[in-house]
Amino acid sequence: MSWDFFVPVYVGDLVKTGGINQYVVQDVVSPKHLPSSLRFKAALRSQGPVCILEHFDTGYSVLQHYNSVDLAVKEDALELLIQVVSGLSTSLPALLVSTTLSAAERKEKLNAVKMSVFLLCKLTESLESESYRQSIVTAPGKSGKKGKSSEGLQQWDSERETVLQALVQLLQLDIRSLWNLSLVEEEFISCVSCCCYKLLENPTIGHVKSKPTRDSIIHLLGLLIKKYNHLLGASVKVIQLLQHFEQLSSVFAQAVSVWSTEYGMRAIIGEVIREIGQKSSEELAREGSGVKSFATFLSELGTLVPELMIPYISVLITHLEGESHSMRVAVCEVLGEILVRVLCGDGLDETGKADRDRFFDTLQEHLHDTHSHVRARVLQVYTRIVNSKALPLTKYSEVMELAVGRLMDKSINAVKSAIQLLAAFIAHNPYSCKDSFLSHWQLGSRLKCEISFRSLNRNAVKLCIRAHSSFPESEMFSSLSTLTSGNLMDTLALIFKGNSCTLFSQCSDEDASEVSQNLPPTPQKEGEKEADGELKKQEMLVQYLKDTETFALQVERAISVINTMLYWKTTSVVQEAVQFCVTVCEFSVANSVSGVRRMLPLVWSTDAAIKDAVVQAYRRLYLNPQGDTVRVKAQTLVDSLSELIVDASLGTIQCLEEIEFFSSSSSLQSTVIQVLWERFTGKRETSGLNKRAAVLLLGMANVHLPLLCLFQQSKSAPFRLPQDHQLFTCLTQAIAEGVVMEDPYWQSFMEQAVRLVYFLAESPDQLCSRLLQRSARLLLDQIAEGVTHVDVCLSGAVSCVCLAQLLALCGCVAFWQVSHLERSVSAELRRRRGETEEREEKEKGPGSKQAANESTMEEELGLIGASAEDTEAELIRKICETELLNLLSAFLPLLVRVCSSPGRYSHPQLTTAACLALSQYMMISPSACEENIRLMFTVLERSALPVVRANAIIALGDLTVRFPNILEPWTQNLYARLSDEVPSVRQTAVTVLTQLVLKDVLKVKGQVSEVAVLLIDPEPHITSLALNFFNELAAKDNAIYNLLPDIISRLSDPERGMSSEDFNTIMKQLFSYITKERQTESLVEKLCQRFRTAKTERQWCDLAMSLSLLSMCERGFKRLQECWECYSDKLTEPGVYQPLLSITAKLRRGAKPQFKGQVDEFEKRLTAVHTRGLENVESPEMDEENQKAGSSTEKTAMRTPLPTRGRQKSKRGQSRSRLLDLNIQEPLVILFGNFCLFYFFPLTGQSKASVSSQGDDSFVTPRKTRKSKKPVITFSSDEDEDEEGGCSFSHHYL
């Protein structure tokens, strides 16, 4: 063979005339003849892979005409080339080890290798490019059918791996001996590597389905790097591809780790890291720099081979000072992996410890990074370090303090990461076990004892050693030739306590054995050293206790902060806070129960994610009992639930019922219920509180007495017990006798007993009527035994309590009687009506078809059901108005008398019970409500007892729902309680009003400003309720937007006397709900118009501040310019000028050049008026502009109106003085565009005729302008009164 094949740089170079003995393609086959020419399988079988030497031109023709040939031709060519390369892989091993290989045979095999590899790589690249184009252009249709090209694409996906395996098998051989001096030409290596890099550019290379292909490429490139000197080229190519293909970050991280570990090419890591480290901040800041790819690559590589990155970490540290936050995150994550997997444990040498401390210092610095993403990721790195137990003990307090500080971060992600880190600290803390987490005061007391004992011990030992050296012949030391740990402690015991006991005996056996073993008999100086070693151990213990106390204090601080996050708006933060509370509770941290109980009301959250998190947290804490048997588990579960509910309030119990601890699917339910019944019935000895808890838990489990289980709402008659049943006999007797007894639990018992009577008894009204009579008779008998007059008896405390209990019973009976009529009786009437209708339908024969059709039509129109329900409702109302009111009327005068005479009946319990009972009586009928409504509001305003005022607010809220028309005129009195001096009353008022407003019972009016004042209430709980009110109100369309002008007017009223700081705080919160651009634009106009009616400087300043709080947009800014004359004369006030100036500063940020110019011009105008005054600024310039603008009336009407002062100066060439000299007493109407301005001037005695006598066309009468009405905004609270000598501005329909 006289020629050599040289791998070309470009495919087309092979048809050009080459050098001496260089192979040139002679015969390029046309696309038509390629299918027949490509069939050289017979030659492949006969000649082997060397046949490629004769048929290379055919394979080359496929590459040359690639876009013209059919897919089948390409597939055949690919299959033949794979067979050729595989054949070479099979035949070459024997030849390579042969010592008789001639130069001609070597050249022949070398040309065959280069030709076959060249054709296979280039065809692979072409197929890959075509596959990628088809994946972008073509897509399966709706029918799911795929074309021929799609089938070929799928076939190529399977063939790609076959090609790579063939190349790997060939290059695994030591084919370098085929070249002279074993120097493989660079073009051959580049041909193979370029094919690999081309395959890596596929977007799906990182997918799971592409893992075999990805692994083959990595191993093929690994062979090139190890055997064919491709290390430098690979490192450069990695950087280039990372810069352009972000999906290759993980792929190349895996590749570099494989090359450095399996192939032993660790230098590749240094080359790649040096290339990345040399990238400047300017380069990384440019678009397309691949900074995200570099960052992801470094993070992934640090996860795979952290130990190999330590020598090059100094190169990456420079990026921590750069501008790219992604690179800073990547470097911090690499440091974290190194600290977790390499620089950890106690076996580090001094260099390793120094590197570890330096890396920790670097991470701590970036906990204060300027970018929130970096702070959050560094906190996550620390979380991984703590979970891996790789954080040194000396760093705990410092990092813990930084983590607690990050709870105040502005970034939500940083706050969540800080909570996760703190939870990891508690879960993996080295200071305590799970069951004995000491509180900080316990640690403090123990620490003081240890410090005092250790300091005393240290001084005593030193003094004894010094005495032995100074007085060796003394009686105490003469027998001691040498000092040891044992005789030293015995000598000290003899000195301090005598012979009876020794100090050494007070030490623990463990300490004594340690001292004895570690201190062998030594001379005197060695004994002193050994004693010092023991003291050092004691000092380490003291330091440990100090660190533990510091850690406990930081945990308590973190708990208090995170508990406040349970009610944040951000769902993810609330979820993290809930998980943190669960963690601290599981580890029995002090004060951990506070967070668990605080998050309980979140079960009512409208956010499903938050509610589910709380429910799962409680089930995790209380529904995972430990025990060997089902019985033990049930008892453990009951104990934990009883502890939770034993001192719970009514609201807490309702929240716990929402969690549904007892589900039908629970395997423990039957055993748990059995344990609860045993506790309640006294079969097992237990306290009264545990019995009460058992009853509550049974109620939560919906487990009732067997009789109660019979009651079900169905079509059949409801289950009722006769009045003489033993249950009611016992209940009525207990209630009646309890009226004349002083028992703190009687009230709650009575309420539940009356409820049960109305729930189960037949004719409960008769039963309760007899109960009232019996109770009153018992009370009268008690009074008769002592004194003869009731009023005199009321001076006694016991009698007042008894009378209060009787009145409470009256109110409770009235309430449940109304509820019984409107629920049970009404339901029974509907049930009977349904039965009657069914019976009538059955009795109807087939001849009544026409009547049936008519009734069906009436049913479809809703006439029958509606009329029957109206009749039933009217019957219920009539019963309440006549019979029920007459039945309970005997006690009504007494209730009114007690409520209306607080000075005479001043007992707190009596007053409270009477007011509550009166409100329940008022629920009976509208007439009872109207007669006593004034008295109830008098009690609300004048009662000296906060509990009475709070109860009155709740009662009046219920009455508002029941009789809204009667309570509507008294709405203002309800809002007035928002400013009550007692926090509990304010809290009750805002809670009731929130429910009434959000349920649309009360119309939202300007009185909502009283709720806004509570946003700055000193009580945090009231502030949170007010904030919740506005959060819910903001969910309604335009609710806050419509109220804002009135709220501003009321809060800025001088008579209220609110400070500027409080006003700004309230407005900042309210304006945060204004997010729509149209709302902002409208509010700008409304607030500007308020400047005209504002009378004081303080009101001007408040309006200006409100404008500055708006998220001003371009349209809002234009409206601000149009309303210039509303506020221009107030700009001399700094309180008006500064807020408006801040608006321009906000608008200038990110504004377009044209709009920015308008903002700058407006700012100059503001500054000029503020410094020189309105008159000095506008007079000369505005006169010239208005002269030009006023050339014709038509042009003036079409333009945006200029400020009023300027227009007044240039009307039809007339001066401003002429207008003022008119002395008009009727309003002049000046029409500008869509605005009609009414100006009122002071009277000077001239007649109305003087107006028309001027003949000025600029003034038109209102009568002419009424033809085109222009609606403009008016304000309900604007004042129409005019000041003397001035003018006022008002909008009307023109």
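The values are calculated or read from the model by the stated rules, or taken from the named source; none is laboratory data. From a predicted model like this one, the values you see are computed outputs, not experimental measurements. Backbone-built Cβ (ideal geometry, glycine too); neighbour counts: all protein chains shown. Each accessible area value is taken on the protein alone, full model and side chains, heavy atoms only, with ligands, DNA and RNA left out. Shrake-Rupley method; radii C 1.70, N 1.55, O 1.52, S 1.80 Å.
Only one residue in ALA648, ALA694 is on the phi < 0 side of the Ramachandran plot and at pLDDT 80 or above. Which one? Within the list ALA648, ALA694, the selection yields ALA694. Residue under question is PHE245, and the condition is that it be modelled with pLDDT of 85 or more and more than 27 Å from LEU81 (Cα to Cα); does it hold? Yes, satisfied.
Restricting the range 1148-1186 to residues that are open to solvent by 90 Å² or more (accessible area, probe 1.4 Å) and over 20 Å from LYS1118 (Cβ atoms) leaves a set whose member that is modelled with the highest pLDDT is THR1171. Given the criterion closer than 18 Å to GLY302 by Cα and free of Cβ contacts under 8 Å to residues at least 40 places away in the same chain, identify the matching residue among LEU363, LEU348, LEU335. Criteria check complete, one pass: LEU363. Take the conditions (1) under 20 Å from LEU367 (Cβ atoms); (2) crowded, with 22+ Cβ neighbours inside 10 Å; GLU321 misses just one of them, which is (2).
Apart from one condition, PHE1063 fits all of (1) more than 24 Å from MET1105 (Cα to Cα); (2) crowded, with 19+ Cβ neighbours inside 10 Å; the exception is (1). Hey, any hits in the range 1091-1105 for a residue that's outside any helix (DSSP H, G or I), of a type in the set (A, V, I, L, M, F, W, C), under 34 Å from the mean Cα position of the chain (by Cα) and within 30 Å of LYS569 (Cβ to Cβ)? Within the range 1091-1105, not a single residue is outside any helix (DSSP H, G or I), of a type in the set (A, V, I, L, M, F, W, C), under 34 Å from the mean Cα position of the chain (by Cα) and within 30 Å of LYS569 (Cβ to Cβ).
When GLN805 is tested against (1) crowded, with 20+ Cβ neighbours inside 10 Å; (2) within 54 Å of the chain's Cα centre (by Cα); (3) at pLDDT below 80; (4) among the polar types (S, T, N, Q), exactly one condition is not met: (3). You will find that of GLN1121, GLN1138, the residue that is under 39 Å from the mean Cα position of the chain (by Cα) and in a helix (DSSP H, G or I) is GLN1138 and no other.
Open to solvent by less than 10 Å² (accessible area, probe 1.4 Å) and part of a helix (DSSP H, G or I), is that true of ASP1129? Criteria not met by ASP1129. Determine whether LEU945 is in contact with a helix residue (DSSP H, G or I) (Cβ under 9 Å, 6 or more places away or on another chain) and either in contact (Cβ under 8 Å) with a residue 40 or more places away in the chain or open to solvent by less than 10 Å² (accessible area, probe 1.4 Å) (or both). Taking the combined requirement at face value, the residue does not satisfy it.
Assessment of the range 268-278 against the conditions (closer than 17 Å to LEU242 by Cβ, without any contact (Cβ under 8 Å) to a residue 40 or more places away in the chain, of a type outside the set (Asp, Glu) and surrounded by fewer than 20 Cβ atoms within 10 Å (Cβ to Cβ)) yields at least one matching residue. Note on the range 105-131: among residues that are of a type in the set (Gly, Ala, Ser) and under 59 Å from the mean Cα position of the chain (by Cα), the one that is surrounded by the fewest Cβ atoms within 10 Å (Cβ to Cβ) is SER129.
Of everything listed in (1) open to solvent by less than 40 Å² (accessible area, probe 1.4 Å); (2) in a helix (DSSP H, G or I); (3) over 19 Å from LEU553 (Cα atoms), the single unmet condition for ALA390 is (2).
Looking only at residues of the range 979-1034 that are among the charged types (D, E, K, R) and under 20 Å from PRO1045 (Cα atoms), we find that the one that is least open to solvent (accessible area, probe 1.4 Å) is GLU1010. For the range 1081-1096, the criterion of being open to solvent by less than 60 Å² (accessible area, probe 1.4 Å), under 24 Å from ARG986 (Cβ atoms), among the hydroxyl-bearing types (Ser, Thr, Tyr) and out of contact with any Leu (no Cβ under 7 Å at 6 or more places or on another chain) is met by no residue. Mind checking whether some residue in the range 348-362 is modelled with pLDDT of 90 or more and open to solvent by less than 20 Å² (accessible area, probe 1.4 Å)? Yes, that holds for at least one residue.
The condition of being touching a Ser or Thr at 6+ places or on another chain (Cβ under 8 Å) and among the small types (Gly, Ala, Ser) holds for only one of SER388, SER397, that being SER397. The residue that is surrounded by the fewest Cβ atoms within 10 Å (Cβ to Cβ), counting only those in the range 240-267 that are assigned to a helix (DSSP H, G or I) and touching a Ser or Thr at 6+ places or on another chain (Cβ under 6 Å), is GLU246.
Filtering the range 566-580 to residues that are among the charged types (D, E, K, R) and surrounded by 16 or more Cβ atoms within 10 Å (Cβ to Cβ) leaves only GLU576. Kindly provide the set of residues from the range 283-318 that are closer than 19 Å to ARG356 by Cα and either open to solvent by less than 60 Å² (accessible area, probe 1.4 Å) or in contact with a strand residue (DSSP E or B) (Cβ under 6 Å, 6 or more places away or on another chain) (or both), ordered by number. Result: SER299, GLY302, VAL305, PRO306, LEU308, MET309, ILE310, TYR312, ILE313, VAL315, LEU316, ILE317.
I'd like the residue in the range 401-443 that is at pLDDT below 80 and assigned to a helix (DSSP H, G or I) and, out of all such residues, is surrounded by the most Cβ atoms within 10 Å (Cβ to Cβ). So, considering only residues that are at pLDDT below 80 and assigned to a helix (DSSP H, G or I), the one surrounded by the most Cβ atoms within 10 Å (Cβ to Cβ) is LEU443.
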